[in-house]
Amino acid sequence: MSDEKKKCGLYMRVSTEDQAREGFSLPEQRERLETFCKFKGYEIVDYYEDAGISAKTGNYRPEFERLKNDIKAKKINTIVALKLDRITRSIYDWENLMTFLDENGAYLDCVNDEINTTSANGKMISRLLMSVSQNEIERTSERTKVGLAGAIKCGHIPHIAPLGYKHEDKKLVIDYSTKDVVVRIFDLYYNGYSYQKISNLFNNEKVLGKGNWRDSTIVTILENEIYKGDFVHGKRTKHPTYYENVVEPIVSKEMWEDCQVQKKKNSRSYKRTLTYLYLQKLKCPRCGRILGGKATTKKNGSTYFYYYCNDCKIEFKEKVINDYFSQFISELVEYDSVVNQFFLPMIKQKFDEPKEQLEKEIKEQNNKLERIKKAYINGVFELKEYNEEKKIVEKAISELESKLDTTDCVEELRFTPKDILLKRDIDFINKIKLDKEYQERTKTWKDYTRQEQAELIMKYVDDIELFLVGNDVVVKQINFRESICKPCQELFDKGYIDTTKPAIFGNVLGNIRFSNYLAEEEVCEIIMRLRQYYDVGYTEATYYVEKQVFYFNFKEDNSAIVRVFPLKDYYKLDPDNKMKTYEFGIIYIREEDKFQMQEIDTAFDYIPNETNNSVIYTKDNTPISVGVKPVKFCEGDTE
């Protein structure tokens, strides 16, 4: 073969990191290979250049494939490259290449590496060099991964910023001009809107000035972990890496997870033409499939709703669920009021835009508006394009300014957990003392439209378990959403929210509002604040654990118990209920006690402010100064 004319193909490859690390540009490789061939007396037949491609296994290199095809066609018989790692850095690929060269009577020559593939020793040396090269690429890969992981943990996300975020100082931060669009998408989907319905709504409203919203866009947003503060690197690879809490979240993790659960439950098989209260909440007690809904309308105009399973031929009236659900309705409506009035403002305080950030964003949008004006003056924009861009920016500025106003208003509403307990106590007293006004202001289940009832169930109920008794469908239990009920349970455990419990008072059976243990100072503060509105009384009672009965000296003057609470933390002191008696505090209101403020609206729209330092905490009646704070957002803020 040594006398055979060497017809060469010059192979050059460069990746971005090669150029940065070693300066292996394609022109430099070409010049050095041509000089080498001239020295060796090789005939150059063609040039093969792969730019920006690494030598990892699996990477497709079109020019290298063309080179191999030319070897098969006998156009060339020798590959000339600068170094062995220009060909490959994989031992596996190298063995395949040597087999290929042997089968086609071809050779490899390298300028910087003494490679001779015609002898056994030469092949052994090439394998050793290849092992070193593969080790280098694996070490480089490890260093890159470690550096990338560190950067991601610091908020440097190696992707285009998704809607609701932007890059600032190389970090992914919230874009307050578009954040609320993302929040709205999650809220709409959580409350029963489909992808298509959301995209149609956004197109009709021209959200962000766009009319090309697609259901696929909505799906991508809902599935993106970044919105709960997490990031998945290599999501489409076999071994993705999950990073938690790397950026500031736009929605809570609970909301994100709930939307994923809802997504699994959604089915295109069931189309709504009427409002079904328990849509996607019911499964067939036999086969487990989500039940469909249907309705019949009688001549008198009354509509009757049914749920059914086609496969199992099971059908039953909605009334079966309604009858069982009725025992939870008043509590659910009351809880929804607490969520809207307190939890949402408290969440808003936690996640809402800081005032300084909003002011900074408004300034950036105004600068953007100036740039658009200058671009139009300089002829970059046509008048139509200028007006469209100007309208989008002006709308963003208007929304940001509205949020800034809301932030000023919300600063008056720094709710504490004690405020929740206090407001519920006042509501209970108002129901007794100002019944007419209370009924006028309170929305009950019967006041809800069917659509509102369905939305409330969608919001709070995870699913409803059914079982069969003979051929009759019976409700086993209702499972409420953990992410909604969990905050309430946590507040109850800490003594900041009440629940209604049955109790025996001597020989009288009734229900009481019960809350868990609170420190005496906190109890005294609540009593003092209540007395700004009503002259509430305080007494104590003994509870006999074995008999589960209250005995206390309570005057027969038509007094009403507002709330009962333990004076010690008996959950910790007596976990096995071995104590004979517990001591409870009781807040009550007498029949003659009237609302003490001049404006009745104050009882419903405000709560007494925290008492000042000059007031001594006491359970006895003490004159105090009156101060209140609002319990509602500015007009339109609770939408």
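The values are calculated or read from the model by the stated rules, or taken from the named source; none is laboratory data. The structure presented is a predicted model; accordingly, all values stated were derived computationally and were not measured. Methodologically, a virtual Cβ is constructed for each residue, glycine included, from the backbone with ideal geometry; neighbour enumeration extends over all protein chains shown.
Side notes on the structure shown:
- Of all residues in region 435-461, those being surrounded by 18 or more Cβ atoms within 10 Å (Cβ to Cβ) and outside any helix (DSSP H, G or I) number 1.
- Cβ pairs under 8 Å, 6+ apart, first in region 512-529 and surrounded by 22 or more Cβ atoms within 10 Å (Cβ to Cβ), second among the acidic types (Asp, Glu) and modelled with pLDDT under 90: Ser515/Asp498; Arg529/Glu610
- Of residues in region 61-87 being closer than 11 Å to Asn104 by Cβ, free of Cβ contacts under 8 Å to residues at least 40 places away in the same chain and not polar (S, T, N, Q), the one surrounded by the most Cβ atoms within 10 Å (Cβ to Cβ): Lys68
- Residue in region 477-496 that is in a strand (DSSP E or B), in contact (Cβ under 8 Å) with a residue 40 or more places away in the chain, over 25 Å from Val545 (Cα atoms) and in contact with a Pro (Cβ under 7 Å, 6 or more places away or on another chain) present: no
- Residue in region 558-577 that is at pLDDT below 80 and surrounded by 10 or more Cβ atoms within 10 Å (Cβ to Cβ) present: yes
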